[in-house]
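Asker: Have a look at this one.
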Amino acid sequence: MPSIEFLARFQFAMTTIFHFFFVPLSVGMVFMTALMETVYVVTGDEKWKKRTKFFGSIMLLSFAVGVVTGIIQEFQFGMNWSEYSRYVGDIFGAPLAVEALLAFFLESTFLGIWMFGWDKLGKKLHNATLWITFVGTFLSSLWILAANSWMQNPVGYEVKGGRATLTSFSALITNPQTILEFSHVTTGFLLTGGFITAGIAAYQLLKNREVDMFKPVLRLGLLVALIGSLGNFVAGDQQMLEVQRTQPMKFAATEGVYETTPSPAAWDMVAFFNESEHTEVFGIRIPYMLSILTYHRPSGSVEGMNEINAKLQKQFPEAAKEVNGNFFPPVTVLFWTFRIMAGLSMLMILLSALGLFWTRKKRPILYENRFGLQVYRWFLFSPFLAITSGWLVTELGRYPWTVYGLFTIRDSVSPNVSAGSLLFSNAVYFLLFCFLGGVMIYFTIQRMKQGVEGAETAYVSLDPFNQEVLDTKQEETEKSVDDVKKGAEE
Amino acid sequence: MTGLQLFWFIIVGVLFSGFFFLEGFDYGVGMSAITIAKDKREIEQTIGSIGPVWDLNEVWLLTAGGAMFASFPYWYASLFSGFYLILFLILVGLILRGVTFEFRHHSHSEKGKMLWTRILGISSFAIPFLFGLMFTSMIQGVPMDARGNVSATFTSYVNLLSVVGGVAVLLLAWLHGLNYLALKTEGELRERAARTANKLYFVLYAGEVVFAVLLAIFTDFLEKHFWGTLILLAAIVILTVFAHLSVRAKKEMSAFLASGLTFVALVALIFQGIFPRVMIATNPAHSILIKNASSTGYTLTTMTWITLIILPFVLIYMGWTYFIFRKRIKK
């Protein structure tokens, strides 16, 4: 049977990746939906109200799955990582509690009001509830990322009585890592919202469904995607500068640098590694490029993993014993996921900019171009791939630490949970996620087939307080009963 | 033990009480959707009564969990890893239940809708039962080492008291949900909810008596806190009787409040019973105490300020939600 450490790590990776498909999706869609409703409130154009409801229903679907899979995350620390919880609870628990108190209540309350409040609130107030929900999602991200950032770059603590204790709450929330992660992740939310919206619109245009309804949506999606992806690029670049400073091993691994490079440093566009020998097997290099990417100038060398490993062995003799002197993270995975993330990021900037150009009023050629629409349709999936790659870089690159330089993964797991229990929970979660993901995709496709007009009627019926709808339902039921009777009589 | 530690022990208790008071009736409504609702429209009416609020009610659990992690990490670690499989089943229940509301609305076939309604109902039965099972097996004392690692076997979780406790919590939630339905709906459903509650209360009486007897046998509550335990047990019974009488007198609001307060009294009973411990070990030397399970004074102070500043706003907008959706729901 696999070790509990492996199973607990696998479970954490699986649940987090799945959860984090839905977080950017729902936050991005909340933003897009709120934006569309604002356009409706400002212009009074009923079409935008219908669009709001259409995209709102997709948003609510993803929100539902996102919320329920988030529950696992909070309890998992106690269930699978009890030693970790004991060691860092004094610091790590606080942001989680604040998140629940400050953000979860806000999100769930105001989203509930928005869902059921169409006829209960004035237009502006109704729109405001969704913006408040959006603020809630950002606050939620801020606190979660503050917790994660502390694991990457622990600050404001001291080790006392065999555990880490908080000495400065302000240091915790002003951790430079938090600010970088927050801007990187939240711009990622916006670009996800933009590309998903644009992708759905492109798909509907390809299918010739409600063409006039979706043209402006495609453009709005591309606009948000461009803003989001540009911001994301800048934030990501800044974050890598910080990573090089605080976690040089992670940085070197993402660039596949084993031996410290000369200055200027060449950049591996493609490379393959022999991880047990700690060597690069094959690589295609571009001169100067690594210096430019790292330092934004054509000179400067990058420290290699072998040298960093030797340093870490000296710096952390106890941890070195645990990992047999081997501080190397999974290099191949980091190298390639980093390239997927960065490559897609640039492609997304290019595509959103081109898309805006091709949909300009003078010559909107994209709407009629089937190949172009296909591209945007399939790029709907690129934010997920890029974001997942980004998290793999962040989390796997922290190896062998749960809290960088302070506490190892091996010391973190629950010693009293059996491998059998973990295997069982892993298997059930896996099946559950496949099921939820499948249902979610099925319903989204159904919704797209109904289109905006279909969503309008289907959606209003969601409101149990809407007497009008209930009355029509009553009539429909009576009518269908009558039909059946008639049929029987005939 | 410091005042702050005591304060946070109480806060965790308050958050769990809030969770059971609020989410308790959501579970009861979920159970009613597959038991007392007669047709499609009544099912819609039943589930519609909690549509806008169930999600914010459930956040109380997340907040309770988060507060427990932040204020008593040793308790959080021992309890959650020690009751792994029960908690895991609760999580699976919460996940399935949580998606049913949205998935129901997106199902266009009656078959699909019925499937999600059933999942909602079954998970609504399972979750409070499992919570009851967990808390009542916790108070009996579990095998635990000096570090606080629980090494429990099947019978530590599932035994006479814990099963009775699970059923009692389930019944309480169901009754609380029926009282809520009587308060929030109109027509036949309202009548039927009250009638069902009236009958079910007799079952609850029996359950409470058995629970009290088993509590005296299997826990040290009476030994450690004689008067506190006695008073709270009495409070539970009095509140139950009061709720029952209110149901019969058609005073729906007081019935609902009384069944909610019964939950509060139950949580209070558990928290005062384990005091000054948070986890009871079969070997008393290994029990985890409030004074050595908590975070540092600095963290607790910071958390206290944050809570005192934010909580009033949370309560205000939650109250506003209930105010917006105050109307009774028609069939």
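Asker: Mind checking which lysines have their C-alpha under 30 Å from A:LYS362, skipping anything on the same chain fewer than 8 residues away?
Answerer: Partners found: A:LYS47, A:LYS49, A:LYS50, A:LYS53, A:LYS207, A:LYS215.
Asker: Could you go through the stretch A:244-252 in sequence order and give the Karplus-derived ³J(HN,Hα) for each residue, using 6.51 cos²θ - 1.76 cosθ + 1.60 with θ = phi - 60°, rounded to whole Hz, and x for Gly and Pro?
Answerer: 4, 6, 8, 10, x, 4, 4, 4, 4
Asker: Checking a compactness column here: for the stretch B:10-324, what do you get for Rg(Cα) / (2.2 N^0.38 Å), N being the number of residues?
Answerer: On the way: Rg = 19.6 Å, N = 315, 2.2 N^0.38 = 19.6 Å.
Scaled against compact globular proteins, the figure is 1.00.
Asker: Okay, moving on. Using every pair of alpha-carbon atoms in the stretch A:355-405, split the distances into 10 Å bins beginning at 0 and state the percent of pairs per bin, rounded to integers.
Answerer: 22, 27, 20, 15, 12, 4
Asker: Another question, if that's okay. Rounded, prolate or oblate, given the Cα gyration tensor of the stretch A:16-137, with a/c below 1.5 counting as rounded?
Answerer: Numbers: a/c = 3.37, a/b = 2.34, b/c = 1.44.
It comes out prolate by the Cα gyration axes.
Asker: How long are the semi-axes of the equivalent ellipsoid of the stretch A:133-177, defined as square roots of 5 times the Cα gyration tensor eigenvalues? Whole Å, largest first. Write out the running numbers ahead of the final one.
Answerer: On the way: eigenvalues 115, 18, 16 Å².
They are 24, 9, 9 Å, listed largest first.
Asker: Counting each pair of different Cα atoms once, what's the Kirkwood radius of the stretch B:120-269 in Å, rounded to one decimal?
Answerer: Working: mean 1/r = 0.0617 Å⁻¹.
So the Kirkwood estimate lands at 16.2 Å.
Asker: When you look at the Cβ of every residue in A:410-417, what mean number of other chain Cβ atoms sits within 10 Å? Don't skip to the answer; put the middle values down first.
Answerer: Working: counts 0, 0, 0, 1, 8, 5, 12, 8.
Averaged over the peptide's residues, the number is 4.
Asker: Right, another one. Can you give me the angle between helix A:4-43 and the longest principal axis of chain A, using Cα atoms only, in degrees from 0 to 90, rounded to the nearest 10?
Answerer: Between helix and principal axis, roughly 40 degrees.
Asker: Measuring with a 1.4 Å probe in the full set of protein chains, what accessible area per residue, in whole Å², belongs to the stretch B:10-324? If you can, show how the numbers build up before the last one.
Answerer: Numbers: 10920 Å² over 315 residues.
I get 35 Å² per residue for this part.
Asker: Which value at 222 nm does chain B reach when only helices count, each DSSP H run of 4 or more adding -39,500 (n - 2.57), with the total divided by all residues and rounded to the nearest 500 deg cm²/dmol? Let's see the in-between values first.
Answerer: Numbers: 14 runs with 264 residues, N = 331.
That calculation yields -27000 deg cm²/dmol at 222 nm.
Asker: 5 Å is the cut-off here: which amide hydrogens, built 1.01 Å from N in the peptide plane, fall below it relative to A:THR167, excluding neighbours closer than 5 in sequence?
Answerer: Amide H to amide H, under 5 Å and 5 or more residues apart or across chains, A:THR167 pairs with A:TYR157, A:GLU158.
Asker: Computing the accessible area with a 1.4 Å probe over protein heavy atoms, can you report the carbon and sulfur percentage for the protein assembly as shown? List each step's numbers first, then the result.
Answerer: Details: 21380 of 31500 Å².
Percent of accessible area from carbon and sulfur atoms in the protein assembly as shown: 68.
Asker: So what's the stretch A:94-162 giving for Cα Rg divided by 2.2 N^0.38 Å, two decimals? Kindly include the intermediate steps, with their values, before the conclusion.
Answerer: On the way: Rg = 16.7 Å, N = 69, 2.2 N^0.38 = 11.0 Å.
It is 1.52.
Asker: Cα convex hull of the stretch A:166-218: mean projected area in nm², to one decimal? The partial results should precede the final answer.
Answerer: Details: hull surface 19.6 nm².
Taking a quarter of the hull surface, the average projection is 4.9 nm².
Asker: Ok, one more. With θ taken as phi - 60° and the coefficients 6.51, -1.76 and 1.60, list the Karplus ³J(HN,Hα) couplings across the stretch B:146-163 in order, rounded to whole Hz; mark glycine and proline as x.
Answerer: 3J(HN,Hα) across the stretch B:146-163, in whole Hz: 5, 7, x, 7, 7, 10, 8, 10, 3, 6, 5, 8, 10, 8, 4, 5, 5, 5.
Asker: Could you give the spread of the C-alpha atoms of the stretch A:377-418 along their three principal axes, from largest to smallest, in whole angstroms?
Answerer: Dimensions of the stretch A:377-418 along the principal axes of its Cα atoms: 47, 27, 9 Å.
Asker: Here's something else I'd like to know. Whole-Hz ³J(HN,Hα) for each residue in the stretch B:14-28, computed from phi via Karplus 6.51 cos²θ - 1.76 cosθ + 1.60 with θ = phi - 60°, x for glycine and proline: what do you get?
Answerer: 4, 5, 5, 4, x, 4, 6, 4, 8, 6, x, 6, 4, 5, x
Asker: Let me ask you something else. Let me cross-check A:ILE144: its accessible surface, 1.4 Å probe, with only protein heavy atoms counted, in Å² to the nearest 10?
Answerer: 70
Asker: On C-alpha positions alone, give me the angle between the axis of helix B:297-324 and the longest principal axis of chain B, in degrees, nearest 10.
Answerer: Rounded to the nearest ten degrees, it is 10.
Asker: Then there is this: Using only the alpha carbons of the stretch B:67-125, determine the length spanned along each of the three principal axes and report them from longest to shortest in whole angstroms.
Answerer: Result for the stretch B:67-125: principal-axis Cα extents of 48, 20, 13 Å.
Asker: Could you state how much accessible area is buried at the B-A interface, both sides summed, with a 1.4 Å probe, in Å² to the nearest 100?
Answerer: Numbers: alone 15380 and 22930 Å², together 31500 Å².
Counting both chains, the buried surface is close to 6800 Å².
Asker: Continuing with the same structure: If you line up the long axis of helix A:305-315 against the longest principal axis of chain A, both from Cα atoms, how many degrees apart are they, to the nearest 10?
Answerer: Helix A:305-315 and the main axis of chain A meet at about 70 degrees.
Asker: Using helices alone, what [θ] at 222 nm do you get for chain A, with -39,500 (n - 2.57) per DSSP H run of 4 or more residues, divided over all residues and rounded to the nearest 500?
Answerer: Details: 18 runs with 358 residues, N = 490.
Here the helix-only value at 222 nm equals -25000 deg cm²/dmol.
Asker: Using only the alpha-carbon atoms of the protein assembly as shown, report the extent along each of the three principal axes, biggest first, to the nearest angstrom.
Answerer: 86, 78, 47
Asker: Within the stretch B:139-161, list the residues whose amide N lies under 18 Å from a label point set 7 Å along Cα→Cβ of B:ALA285.
Answerer: B:142-151
Asker: Considering the convex hull of the alpha carbon atoms of the stretch B:183-327, report its projected area averaged over all viewing directions, in nm², one decimal.
Answerer: Working: hull surface 46.7 nm².
Mean projected area of the Cα convex hull: 11.7 nm².
Asker: Let me ask another. Between Rg and the Kirkwood Rh of chain A, both from Cα atoms, what is the Rg to Rh ratio?
Answerer: Values: Rg = 25.3 Å, Rh = 24.8 Å.
The Rg/Rh ratio comes out at 1.02.
Asker: Return the Rg/Rh value of the stretch B:51-174, two decimal places, where both radii are evaluated on C-alpha atoms and Rh is the Kirkwood radius. Don't skip to the answer; put the middle values down first.
Answerer: Values: Rg = 16.5 Å, Rh = 15.9 Å.
Radius of gyration over Kirkwood radius for the stretch B:51-174 works out to 1.04.
Asker: If all Cα-Cα distances of the stretch A:148-286 are sorted into 10 Å bins from 0 onward, what percent lands in each bin, rounded to whole numbers?
Answerer: 11, 23, 23, 24, 15, 4, 1
Asker: Collect residues whose amide H, placed 1.01 Å from N in the peptide plane, falls under 5 Å from the amide H of A:SER414; neighbours closer than 5 in sequence don't count.
Answerer: A:TRP81, A:SER82, A:GLU83
Asker: Tell me, what is the Rg over Rh of the stretch A:364-440, with Rh the Kirkwood radius over Cα pairs?
Answerer: Numbers: Rg = 20.4 Å, Rh = 16.8 Å.
Ratio of gyration radius to Kirkwood radius: 1.21.
Asker: Can I ask one more? If you wrap a convex hull around the C-alpha atoms of the stretch A:249-334 and split its volume per residue, what is the figure in Å³?
Answerer: Working: hull volume 7.2 nm³, N = 86.
Each residue corresponds to 84 Å³ of Cα convex hull volume.
Asker: For the stretch A:409-450, list log₁₀ I(q)/I(0) at each q in 0.15, 0.17, 0.27, 0.28 Å⁻¹, using the Debye formula over Cα point scatterers of equal strength and ignoring solvent, two decimals each.
Answerer: -0.56, -0.62, -0.89, -0.91
Asker: Search the structure for amide H atoms under 5 Å from the amide H of A:TRP267, placed 1.01 Å from N in the peptide plane, and list their residues when 5 or more places away or on another chain.
Answerer: Result for A:TRP267 returns A:ILE286, A:TYR288, A:MET289, A:LEU290.
The values are calculated or read from the model by the stated rules, or taken from the named source; none is laboratory data. Bear in mind the structure is a predicted one, so any value in this text is a computation, not a measurement. With ideal geometry, Cβ positions are generated from the backbone for all residues, glycine too; neighbour counts draw on all protein chains shown. The accessibility values were calculated without ligands, DNA or RNA, using every heavy atom of the protein model including side chains. Shrake-Rupley method; radii C 1.70, N 1.55, O 1.52, S 1.80 Å.
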